[in-house]
Structure formats: C-alpha cells, structure tokens
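One structure is given here, and the rest of the page talks about it.
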Amino acid sequence: MSAPSVILETIDVTQRFGGLVANSNVSIKVGRGEILGLIGPNGAGKSTLFNAIAGARIPTSGRILFDGHDITALTAPDRCRLGIARTFQVPRSFDSMSVVENVMVGSFVRASNAREARQLALETLHFVGLGARVEDPAIQLTPPEKRRLEMARALATAPKLLLLDEVMTGLTPSEARLGVELIRKVRESGVTVVMVEHVMEIVMPLVDRAIVLHLGALLAEGKPTEIVRNDAVISAYLGDRHRAA
Amino acid sequence: MTQETQIPAQDLPHDAALTHFAKSRRNQLIRAAVIFAGIALVPLAVRDTYLQNVMILTLLYAAVSQCWNILGGYCGQISLGHALYFGIGAYATSVLYVNYAVLPWFGMALGGVLSAAVALLVGKLTFRLKGHYFAIATIVIAEIGLLLVHNWDYVGGALGIQWPITGDSWATLQFARNKLPYFYFALVFLIVTWLITFKIEDSSWGYGWRAVKDNPEAAESLGIEVFRSKMAAAALSAFFTAVGGGFYAAFVAYIDPESVMSFRFSLLFALPAVLGGIGTLWGATLGAALLIPLTEITRSYLGGSGSGIDLIIYGGLIMLVSLMKPEGLLSLFQFRKGRPA
Ligand SMILES: Nc1ncnc2c1ncn2[C@@H]1O[C@H](COP(=O)(O)OP(=O)(O)OP(=O)(O)O)[C@@H](O)[C@H]1O
Ligand SMILES: [Mg+2]
C-alpha cells in the first residue's frame with residue numbers, strides 16, 4: 001500500500017457569502033501523518049475552510065482532493081466514511097444521549113452491530129480520558145469535557161484526517177497540557193491532524209507546520225519558527241498577541 | 001490496517017461495562033413481560049363491555065402513539081398529520097374487505113405498505129422544512145387527504161364504509177358480542193410496536209435517529225445520512241400506524257372520513273407519547289393509559305366529538321406538559337432507558 005504523502009489538497013477553494021469572501025482561492029496541502037496548525041485572526045475563514053473540507057458546505061468554487069479521491073461534490077457523511085472527521089468550534093453534543101451513546105453514533109460507521117459499536121466507543125472514551133463519564137448524560141459535561149467528547153466521537157469513526165476547531169479554547173493550563181498530549185497520541189496512532197487554535201503557546205510547539213489565513217486568503221505557511229518571525233504574519237495577527245502574551 | 005489495533009491496549013477490555021449494559025437490557029425485557037402479562041389479566045376482572053371498549057381503545061392509542069414516537073420521539077420529526085396514515089390503513093382494509101372480500105389481515109398489511117409509500121412522498125416534500133414548519137406542513141397534508149376522501153365516491157365519500165354483519169371469526173376480525181379478541185389483538189399490537197422500539201433503541205438506526213433529532217449537522221459529520229434516516233423513520237412509523245387504522249376499522253365495523261382521519265386523531269396519536277415521555281420506551285403507553293380513558297369518559301358525558309371541547313383540553317395538556325415537564329411524566333419515575341436506574 002503505497003500512500004501518497006499528501007493526504008489532503010484544496011485547490012483554489014473560494015467561499016462567498018453574498019458580498020463577503022470568506023475563503024478566497026485557498027490552496028493548501030496537508031501531508032500524511034503531520035499535525036498542521038491553521039491560524040489567523042477572527043473571521044479569517046478558518047472554520048469556513050473546515051466546513052469546505054468536511055463537506056458541511058460545498059464551496060462556491062475550487063476543488064478538494066482527499067486520499068486519492070476528488071471529494072469536491074461528496075456529502076459530509078460520504079466524506080466521513082472516506083476518513084475525514086471533525087469537531088465543531090461550538091460543541092454540538094447530542095444532549096438527549098449519554099456520553100457513550102454520543103460516541104456510538106460515530107463508531108457505527110465501522111461497527112457491524114451495537115455491541116461492537118459500544119465496545120469501540122468505550123475504548124475511544126478511555127483513549128481521550130473520559131472513561132469515568134461514559135454513562136453520564138452528555139448534557140452534564142463541562143465545556144472542556146464536551147470538547148473531549150467531540151474528539152472521541154470523531155475518533156470513533158476511525159478517521160485518517162481529523163479536523164480540530166479550537167478544541168483548546170477555555171481550557172486551564174493543566175487541561176491544555178493534557179489536550180496537547182492527547183493530540184500527540186492521536187497522531188501517533190496514525191491520524192493526520194489539522195487544528196485551528198488561537199493560543200500560540202499551545203499551537204506552535206505542537207504543530208509540524210502552520211498555515212496562516214487572513215481575510216479569507218492564504219497569508220503564509222511554514223515551520224512554526226518561520227511563521228512567528230514572518231513580518232506579514234506579525235503585523236496581521238501575531239503582533240498584538242505576542243505583546244499581550 | 002484498522003484504528004482499533006492502534007489504540008493502546010492499556011485499558012480494560014470493557015467486558016464489565018458491556019455485560020452490565022446487556023443485563024440492563026434484559027431487565028427491561030423482563031419488566032415489560034411482567035407489565036404486559038399484568039395488562040393481559042385485566043379483562044378477566046373487568047367484565048363491563050363499556051370499560052373493555054375503553055381498554056381496547058387505550059391499547060390501540062398506546063400502540064399508534066408508540067409508532068408516532070418512532071418518528072416524533074426518536075427522530076425528532078413532530079408530525080401532526082398521522083391521521084393520514086391511520087386513515088389510509090382504515091380505508092385500505094375496509095375497501096379491500098367490503099368490495100373485494102380480501103381478509104383484513106392482508107388489508108392491514110397492504111394498507112401499511114401504501115401508507116409507508118405515502119409517508120415517503122410526504123417526507124420528500126416536507127423533510128427539508130424545519131421545526132414548526134414541518135409540523136404545520138403535516139397538518140395541511142393530512143387535511144388535504146381528509147378532503148380527498150370526503151369527495152371520493154369510490155371509498156364511500158362522506159358516508160363512509162359499512163362492514164357487512166357476519167359471524168364471529170378471527171379470519172375476518174369480526175366479533176359482534178364478545179370484545180375480548182379485540183382486546184388481545186390490540187395488546188399484541190402494542191407489544192409488537194414496543195418490541196420494535198426496544199430493538200431500535202440499541203441499533204444503528206436508533207442512535208442515528210436520535211443524533212438527527214439532537215443535532216443534524218453533527219450527525220452528518222459522523223456519517224449519518226440525515227434525510228434518508230428521516231425517510232426510514234417515517235416509513236416505519238406510517239406502516240404500523242396504518243396497521244392500527246386497519247384494526248380500528250375492523251373493530252368499529254364502520255368508518256367515515258371524520259371518524260378516522262380528522263385532526264383530532266393526529267393529536268391523539270402524538271399526545272400520549274408527549275405526555276408520558278417523548279422518545280422513551282414507555283412514554284406512549286403511560287400517556288395513553290392516563291389520557292384515553294379520560295377522553296373517552298368526557299366524550300360520553302359531553303356527548304360526541306363535534307364540540308371541539310376535547311381539542312381545547314388536548315391543547316391545554318400539551319402546553320402544560322411542555323411548560324412543567326418537557327421530558328414527560330415518565331421522568332417522574334426516573335427509569336430512563338439505557339441508564340441504570
Ligand atoms: N454561514 C455564513 N453566512 C454568512 N457569513 C458567514 C457564514 N459563516 C461564516 N461567515 C463569515 O465568514 C467569515 C469567516 O468566518 P469563519 O467562521 O470561517 O472565521 P474563523 O477564521 O473561523 O474565525 P474565528 O477565529 O472567529 O472562529 C466571517 O466574516 C463570518 O462572519
Ligand atoms: Mg472559527
């Protein structure tokens with residue numbers, strides 16, 4: 001099985017909302033097995049790009065290639081079955097269900113019966129550190145736990161590519177450390193990770209590469225060490241943050 | 001190469017949790033067997049024909065509300081037009097029996113298939129609509145169905161269809177004096193719909209439907225085909241609702257448009273589940289056990305159903321439940337499905 005080293009490629013992806021261009025000719029490549037950071041100011045179009053990749057919204061124009069397929073016209077469930085999983089910036093747990101049932105929705109993608117789905121869900125919940133809460137109603141989870149639940153749900157589908165939209169937001173420093181550890185573990189298990197994150201102290205040490213979006217367009221890409229020294233990035237995004245930090 | 005081999009094996013194999021869950025499922029079945037056996041014994045004590053009739057209707061409404069609950073409770077698509085499917089079952093069974101001597105057993109099955117097909121058509125038109133718009137659309141479509149039947153001479157128009165008087169027989173489901181066979185038919189029907197719901201609860205369809213109800217976007221991201229899920233829930237729900245309609249026609253032996261397809265029925269199918277606990281295993285049965293005897297008794301005191309007073313009562317009840325106890329009365333007992341009590 002010779003896998004191409006690029007697992008995901010967006011080609012000139014453009015998303016318009018009326019007069020607003022949320023993504024403007026965004027072309028990126030994601031390498032198999034890497035952790036890629038997607039950063040940029042509020043409203044830069046990061047979540048919009050995630051929606052395009054995961055199939056939540058078909059972009060106005062452009063193409064998306066994933067793992068040897070042209071997935072531009074595929075629906076979100078189809079893309080999930082091909083191996084793309086995601087979390088949402090605002091957690092969307094299934095609040096009438098228990099924690100393990102939430103994750104079973106994901107594991108049914110590959111399980112052949114309910115018992116197997118439950119087993120896979122339990123394994124995944126232990127993997128993300130929610131093993132103690134499996135029977136609790138999802139609605140009772142704290143916000144950081146809900147983000148873990150979303151990760152568990154996504155991981156339960158056995159993705160090749162995992163899109164994480166601000167999963168570290170609102171975490172205490174010690175929770176964030178656990179989160180970083182978890183994302184490393186996910187990558188070690190063979191999953192490619194693209195993560196949107198605002199907290200530079202978290203993203204930069206964790207990612208192999210970063211891509212910066214600004215006003216919907218690609219502003220820069222490179223190693224974290226290059227990105228933090230990039231003048232355009234500093235003036236558009238990092239400047240205030242670095243001073244604040 | 002699959003994912004599960006890559007997850008570190010440091011954790012327990014979860015056999016204990018799986019066994020615990022299997023045991024709680026088994027306990028639910030045992031509890032159900034006890035409850036249904038208890039219900040089966042009631043007519044041995046209650047001989048009064050009027051009360052037996054009320055019990056038959058209670059079981060029938062419980063079963064049909066259980067069917068409604070599949071689409072409304074589990075999949076979250078609040079239909080207020082299920083009288084259409086009930087009517088299709090009643091009319092298909094009646095027309096086939098009275099005009100073509102097809103036994104009601106086949107009539108109910110054919111009515112079910114026809115009803116499921118209509119539900120798919122209705123779904124195609126309405127499932128893109130959200131929340132209240134969906135509910136309103138189902139009301140309108142059911143009212144259109146009622147109007148069509150009213151003006152369709154082939155099915156008896158406004159006059160309806162009278163079943164011929166024959167001897168008592170299980171083949172034709174006609175029992176003139178002793179109503180007990182209807183009671184046990186209705187009970188078995190309720191048990192069947194309960195078992196289907198029970199099976200669905202721990203299946204990929206069940207989890208998928210609840211995901212669709214709670215958050216369609218998240219469901220889609222996890223591989224659920226939202227539209228197809230709704231269509232499947234609608235077809236299953238409509239099929240068994242029509243079986244209930246066919247049974248009702250055999251039971252009363254005379255149907256007209258108002259007596260099987262009026263809006264009142266749509267409300268009476270939704271209400272027990274909403275009252276008892278929407279999207280739960282026992283909600284519909286509990287709700288029907290409280291509501292149907294009440295409506296039947298008030299009906300016989302207030303006389304007829306034309307007054308509309310009963311509709312006001314139902315509307316009031318819906319508002320009361322949604323304000324005071326949105327999870328339904330069952331939540332008072334705290335034995336929610338899937339969770340150890
Ligand atoms: N469904 C939509 N309809 C209209 N405009 C939208 C929609 N979704 C996003 N936008 C707009 O597109 C732009 C990009 O939004 P997006 O959510 O992708 O930003 P982001 O980079 O994720 O920002 P943040 O860091 O705040 O999450 C914003 O101006 C936003 O208001
Ligand atoms: Mg965003």
In a Gaussian network model over chain A where Cα atoms closer than 10 Å are linked, find which of A:Phe94, A:Phe17, A:Phe108 has the largest mean-square fluctuation. A:Phe17
Do any trypsin sites (Lys or Arg not before Pro) in the stretch B:12-107 lie in a loop, going by DSSP, with at most 13 other beta-carbon atoms within 10 Å of their beta carbon, and if so which? B:Arg47
So for B:Ile318, B:Ile88, A:Ile183, what's the accessible-area order with a 1.4 Å probe, most first? B:Ile318, B:Ile88, A:Ile183
Order B:Val113, A:Val21, most accessible first, counting only protein heavy atoms with a 1.4 angstrom probe. B:Val113, A:Val21
Tell me: how much accessible area in total is hidden between A and B, 1.4 Å probe, Å², nearest 100? 3300
Over all distinct Cα pairs, what is the inverse of the mean 1/r for chain A, reported as the Kirkwood hydrodynamic radius in Å? 18.4
Given an 8 Å cut-off on Cα distances and at least 6 residues of separation, report the relative contact order of chain A as a percent. 25
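Excluding B:Ala233 itself, calculate the net charge of residues whose Cβ lies under 15 Å from the Cβ of B:Ala233, where each Lys or Arg counts +1 and each Asp or Glu counts -1.
Its environment carries a net charge of +3.
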So which trypsin sites (Lys or Arg not before Pro) in the stretch B:131-213 end up in coil per DSSP with only 10 or fewer other C-beta atoms within 10 Å? B:Arg177
Hey, any idea what % of the protein assembly as shown's accessible area is carbon plus sulfur with a 1.4 Å probe? 63
Residue-normalised accessible area of the stretch B:46-261, expressed per residue, 1.4 Å probe, Å²: 39
SASA check, B:Leu320, accessible area w/ 1.4 Å probe, all protein chains in place, rounded to nearest 10 Å², comes out at 100
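Based on the alpha-carbon gyration tensor of the stretch A:91-158, what equivalent-ellipsoid semi-axes (square roots of 5 times the eigenvalues) come out, in whole Å, largest first? It would help to have the intermediate numbers written out before the result.
Values: eigenvalues 61, 24, 21 Å².
Semi-axes from the Cα gyration tensor: 17, 11, 10 Å.
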Note the full-extension length gain between B:Tyr100 and B:Tyr301 as 0.36 nm times their separation in residues minus their Cα-Cα distance, in nm to one decimal. 68.5 nm
Which number gives the lysine pairs in the stretch B:46-261 that have C-alpha atoms under 30 Å apart and are eight or more places apart or on different chains? 9
What's the average, rounded to a whole number, of partner chain beta-carbon atoms within 10 Å of each residue's beta-carbon in B:95-104? 0
Averaged over its residues, how many other protein chain Cβ atoms are within 10 Å of peptide A:45-57's Cβ atoms? 1
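Go ahead and run the numbers for FRET between A:Leu178 and A:Asp95, Cβ-Cβ distance against an R0 of 25 Å, rounding to 0.05.
Here the calculated transfer efficiency is 0.55.
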At a probe size of 1.4 Å, how large is the accessible area of B:Thr166, to the nearest 10 Å²? 60
How big, on average over all directions, is the shadow cast by the Cα convex hull of the protein assembly as shown, in nm²? 30.4
Excluding ligands and nucleic acids, what accessible area in Å² is computed for B:Leu267 using a 1.4 Å probe, to the nearest 10? 20
Separation of the stretch B:246-275 and the stretch B:171-197 by C-alpha centroid, Å? 16
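Averaged across A:126-139, how many Cβ atoms of other chains sit within 10 Å of each residue's Cβ atom?
On the way: counts 6, 6, 0, 0, 0, 4, 0, 0, 2, 6, 1, 2, 1, 1.
Mean inter-chain Cβ contacts per residue within 10 Å come to 2.
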Gyration tensor (Cα only) of the stretch B:46-261 to equivalent ellipsoid, semi-axes in Å sorted down, yields 32, 20, 13
Please enumerate, by chain and number, the lysines with C-alpha under 25 Å from the C-alpha of A:Lys185, excluding those fewer than 8 residues away in the same chain. A:Lys29, A:Lys46, A:Lys146, A:Lys160, A:Lys223
At least 20 Å along the helix axis (C-alpha) and Kyte average at least -1.0, DSSP helices within chain A: A:173-188
Grab the beta carbon distance between B:Thr19 and B:Tyr133, set R0 = 45 Å, and tell me the FRET efficiency rounded to 0.05. 0.50
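The values are calculated or read from the model by the stated rules, or taken from the named source; none is laboratory data. No experiment lies behind these values; they were computed from the predicted model shown. Note that we place each Cβ from the backbone using ideal geometry, even for glycine, and neighbour counts take in every protein chain shown. Side chains are part of the model used for accessible areas, which takes the heavy atoms of the whole protein and leaves out ligands, DNA and RNA. Shrake-Rupley method; radii C 1.70, N 1.55, O 1.52, S 1.80 Å.
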